[in-house]
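Below you'll find the structure, written out as structure tokens, and then a few comments.
Read-outs throughout are calculated quantities, based only on the coordinates presented, and are distinct from any laboratory measurement. On a predicted model such as this, the values are computed, not experimentally measured, just so you know. Here the Cβ positions follow ideal geometry from the backbone for every residue, glycine too, while neighbour counts run over all protein chains shown.
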Amino acid sequence: MMATQRSRRTGLIWAVIGGVVLVVGVVAIIVASITGQTLPSASSERSPDSETSAPSAGPDDDGLVVDPTAEARGWTPEPITTDPETYIRAALEAASTFDTTKSSRADWLNYVDTWFTPDTRYNAADRPARMKSAQVELRQGVVLPEEEWESLAAEDGRVVATVAGEVSFVPVAEDPSGDMSLGTADVVLTFTRSSEGGESSYEETVRVSVQVLCGPESVPTLQTGQRAGDCKVVRYFTEPLEP
């Protein structure tokens, strides 16, 4: 009799425990279905390095330019690139490409000024003056003289410069960084003038040299996609420099 009662009590206890476990399991299933939450696994966790970041400009970023409106104003767009040859070709064309019907000479030259960066071979205090000197040299000895601009403007003229052939490189003196390049190339200038008889065009070929900096000390144009390290102009030369 005592064993029978004990057995009944034991069965009752296990029945109660089983009921509690069943209730807890049902509650867990309901909560999971409501929240839709699952435990994270090691494969689903993201590390900080996996976050998407903005791409930086480089030699493969074809088509990226500092000022997208430049072409509409008759100027050569400045490319955003770390490739010296790509940049040198554009810089040589920028020094002679303009449209007198779309901008003034002063506006065009101010635009070309934005391509410049200080020469890092000089100490920091002297760099602004050196860059200003290089910009004056551009105006006085490289670009089309003001009188010829005015003559061209009287006939709604424009000039398109195109680099023809290869770029020849020469070493840059006293450049411990190795980030500077000096390139020379033939540039074909296509002049177009308007008259009562319509438009007429002719070509001239000049040979021009430009020195550029494509390294961490280049100073980018503010509020643009350009970054330190992208190529910038250091100096145009009044006479071509050959290897």
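Data table
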item: Filtered GluC sites (Glu not before Pro), segment 145-243: DSSP coil and at most 11 other beta carbons within 10 Å; result: GLU174, GLU196
item: Cα-projected label distance for LYS132 with THR238, points at 7 Å along beta-carbon direction, nm; result: 1.9
item: Within-11-Å neighbourhood charge of TRP75 [Cβ basis; K, R +1; D, E -1]; result: -3
item: Computed log₁₀ I(q)/I(0) - Debye formula, equal Cα scatterers, no solvent, segment 97-146, q 0.12, 0.24 Å⁻¹; result: -0.31, -0.90
item: Segment 55-169: translational diffusion in µm²/s, Stokes-Einstein, Kirkwood Rh over Cα pairs, 10 °C, 1.306 mPa s; result: 103
item: Distance (nanometres) between label positions extended 7 Å along Cα→Cβ at GLN140 and VAL219; result: 2.1
item: Coil-residue trypsin sites (Lys or Arg not before Pro) of segment 91-121, DSSP, other Cβ within 10 Å capped at 15; result: LYS102
item: Proportion of all alpha-carbon pairs of segment 163-203 beyond 13 Å (%); result: 67
item: Neighbourhood charge, 13 Å Cβ-Cβ cut-off, centred on GLU155 and excluding it, Lys, Arg +1 and Asp, Glu -1; result: -4
item: Counted charge near THR101, where neighbours are those whose Cβ lies closer than 13 Å (Asp, Glu -1; Lys, Arg +1); result: 0
item: Rh (Kirkwood; distinct C-alpha pairs) - segment 76-235, Å; result: 16.5
item: Gain upon complete extension [GLU147, GLU174; 0.36 nm per residue less C-alpha separation]; result: 6.0 nm
